[in-house]
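Peer 1: Here it is, the structure in full.
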Amino acid sequence: MSPVEQIPAAGSEPMAAAPARPSRATLVNAALGLGLLAFGLGAWAMGEVFMVTLATKVAILAIAGAGLNLVLGYGGLVSFGHAAYFGLGGYTAGILAHHALNYTPLFEWPFLFEGTTSMPVIWLTAMVIGALAAAAIGALSLRTTGVYFIMITLAFGQMIFYFAISWPAYGGEDGLPIYVRNGFPGLDTLDPLHFFGLVWAVLMAVLGGIAMLARSRFGLALQAARQNRQRLMAVGIRPGGVLLTAFVISGAITALAGALYADLNRFVSPSMLSWHLSGELLVFLILGGTGRLFAPLAGAGLYIALEHLLGGVSDHWQFFFGLLLLAVVLFARGGVIGFLAGGKRHG
Amino acid sequence: MADPILEIRGLSKSFGALKATDDVTLDLRPGEIHALIGPNGAGKSTLIKQVTGEIAPDAGEVRLSGRSLAGIDAAGRARLGMARSFQVSSVAAEFTVMQNVVLAAQGASGVTFRFFRPVMRDEGLAGRARDCIAQAGLSGREAVPAAELAHGERRKLEIAMALALEPRVFLLDEPMAGMGSEGATALGDLLDRLRHRAPILLVEHDMDAVFRLSDRISVLVYGRVVATGTPDEIRGNAEVQRVYLGEEA
Ligand SMILES: Nc1ncnc2c1ncn2[C@@H]1O[C@H](COP(=O)(O)OP(=O)(O)O)[C@@H](O)[C@H]1O
Ligand SMILES: [Mg+2]
């Protein structure tokens, strides 16, 4: 037995004691968060509006991935259906804006509601809808484990996807445009820089919230549920309620990302609900380092960068991307952040 | 004699044609160590699991301080003070010793759905956890991930977690298995002290420890209790000699 074990102090990772000086993981996280901000600002300063949009896309996908990370990275639940919440958030934004812009009430009872173009209202609605959907899907899916859980979450995602395709009221297969980006008090959301700054702030707030959750009593139980459900029961905590709660919070976060994505593209389509997107979110986490707080940002950033760079070189960029993913899975289980920061995925 | 804290009455459980528990009745009194011995496959672990609520018996009941536990699941029973250790160590391997024991203290508190304050800075839980870690003899190892503990230390961690549950009974399934003789002796001394905190139902193969520590011993063979008595009575029991002690000794 070695008397003194060197525990990697991971300041921004869950559970770590407050480090005397910033740990490597903290530095990597700060570099990622500030790096994205600097990239967006720099692109804007150089007049590269497309790059600002790309940075905004990374931030939004990172929020969606952060939602998945809560259940996958911390709770150990491999959900292959998170596109459902992303798409529901997107359609919430699209439908609310559609009614407001067309002056056709969404419903007249119990009160007249004409839709809205206010982002805060849209976000809240999207999160409530995402949470409700996750509560229903989670309650049924959590009766299973392992591969069955993966399959049942995929099945629910596909159900919602086909529903959106076959429901003509909101564009069906063609999707639903949002003619004017929804508004946020005090900002000009049509200005790419304003919208990027807003999305970046939301991303930081979400990551901060997840860091807080991970360190809480709830977070301790959630991470224990990932490691050993039998043990959790034996100390008097039922894993089911903990995991379902995490699933509901996760659905709300991913739906929020969906609402932002709809506003980024000013368009919602069933592709937001497709299993490809569920898969991409999983890929972000594997690339970034599952269970690391900033994994979704590292993963989404790398993915979008490669899509942009390799996509310009070859139409078959996904083949080369597949090779990279294979390398990460085989040789760098901690993903980008594990590689840069070292140590374990949980402090 | 003081009322028993734990009563097992007429418990039966079959797996298909196999009677793993066959009309078992036994109890656990304040301050005692009641050992449960028997050959491999006799049904000792299966009995413990029915007491903790991990599996449901076909017939019979379990009472804690006079209260029937029917319909209460394993988590509920743990919260009532049923503290158990597993035959194969079962802890949260990526958590540190401290995190594992804080988790147990949190379970005992019954409050898990708190989302804001950092649990590791909760002095109530942390103080309790440090106490239990010290009692289990793991002081100084708080920050070590459970996966990096030596085998014997992991068993002590399970004891520390059991202590943090504010136990009313301990159900320990082969806590000394795989320990060296020195470790087993130290753990025996610890159990000897813990019995005053809460009585211990002890499944154990180490016969020296069993006969040294136990107030009473029950012998389980093919799911049935063939004898219950003091160590001396069990030593002198002809049937026990034949079916069990004979082949071990
Ligand atoms: N879940 C189960 N399904 C079927 N048979 C089981 C199960 N659990 C235990 N058994 C059987 O019940 C008997 C008692 O097992 P166990 O309680 O583990 O014995 P012990 O702990 O005394 O060694 C064994 O024959 C075992 O194979
Ligand atoms: Mg056993």
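Peer 1: Here is a list of conditions, (1) assigned to a strand (DSSP E or B); (2) away from ligand 1 (no atom under 15 Å from the Cβ); (3) among the β-branched types (V, I, T), and B:T21 meets all of them except one; can you say which number that is?
Peer 2: Condition not satisfied by B:T21: (2).
Peer 1: Can you tell me which residue among B:I37, B:I72, B:I55 is within 14 Å of chain A (Cβ to nearest Cβ) and within 16 Å of ligand 1 (Cβ to nearest atom)?
Peer 2: B:I55
Peer 1: In addition: Report, by residue number, each residue of region B:80-103 that is under 20 Å from A:G240 (Cβ atoms), away from ligand 2 (no atom under 16 Å from the Cβ) and under 15 Å from the mean Cα position of the chain (by Cα).
Peer 2: Listed by number, the residues that qualify are B:L80, B:M82.
Peer 1: Can I ask one more? Can you spot a residue in region A:304-327 that is closer than 14 Å to A:G73 by Cβ and either surrounded by 14 or more Cβ atoms within 10 Å (Cβ to Cβ) or touching a Leu at 6+ places or on another chain (Cβ under 9 Å) (or both)?
Peer 2: Within region A:304-327, none of the residues are closer than 14 Å to A:G73 by Cβ and either surrounded by 14 or more Cβ atoms within 10 Å (Cβ to Cβ) or touching a Leu at 6+ places or on another chain (Cβ under 9 Å) (or both).
Peer 1: Scan B:L202, B:L187, B:L220, B:L191 and give me the residue that is within 29 Å of B:T25 (Cα to Cα), within 14 Å of the chain's Cα centre (by Cα), in a strand (DSSP E or B) and in the same structural domain as B:G31 (by TED's automatic domain parsing).
Peer 2: Only one candidate qualifies: B:L202.
Peer 1: List the pairs whose first member sits in region A:214-228 and is at the interface with chain B (Cβ under 7 Å from one of its Cβ atoms), whose second member is of a type in the set (K, R) and open to solvent by 10 Å² or more (accessible area, probe 1.4 Å), and whose Cβ atoms are under 8 Å apart, counting only residues at least 6 apart or on separate chains?
Peer 2: Qualifying pairs under 8 Å: A:S216/B:R114; A:S216/B:R117; A:R217/B:R114; A:R217/B:R117; A:F218/B:R114.
Peer 1: Another question about this same structure. Out of B:R79, B:R121, which single residue is at pLDDT 95 or above and either open to solvent by less than 20 Å² (accessible area, probe 1.4 Å) or at the interface with chain A (Cβ under 7 Å from one of its Cβ atoms) (or both)?
Peer 2: Being at pLDDT 95 or above and either open to solvent by less than 20 Å² (accessible area, probe 1.4 Å) or at the interface with chain A (Cβ under 7 Å from one of its Cβ atoms) (or both) holds for just one of B:R79, B:R121, which is B:R79.
Peer 1: On to the next question. Could you check B:D23 against (1) more than 16 Å from ligand 2 (Cβ to nearest atom); (2) surrounded by 14 or more Cβ atoms within 10 Å (Cβ to Cβ); (3) under 14 Å from B:R216 (Cβ atoms) and say which number it fails?
Peer 2: (3)
Peer 1: Mind telling me which of the residues B:R224, B:R168 ends up being closer than 25 Å to B:G66 by Cβ, in contact with a strand residue (DSSP E or B) (Cβ under 7 Å, 6 or more places away or on another chain) and not hydrophobic (A, V, I, L, M, F, W, C)?
Peer 2: From the options B:R224, B:R168, the qualifying one is B:R168.
The values are calculated or read from the model by the stated rules, or taken from the named source; none is laboratory data. Just so we're clear, the structure is a prediction, and the values are computed from it rather than from any experiment. Positions of Cβ are generated from backbone atoms using ideal geometry, with glycine treated the same way; all protein chains shown enter the neighbour counts. The accessibility values were calculated without ligands, DNA or RNA, using every heavy atom of the protein model including side chains. Shrake-Rupley method; radii C 1.70, N 1.55, O 1.52, S 1.80 Å.
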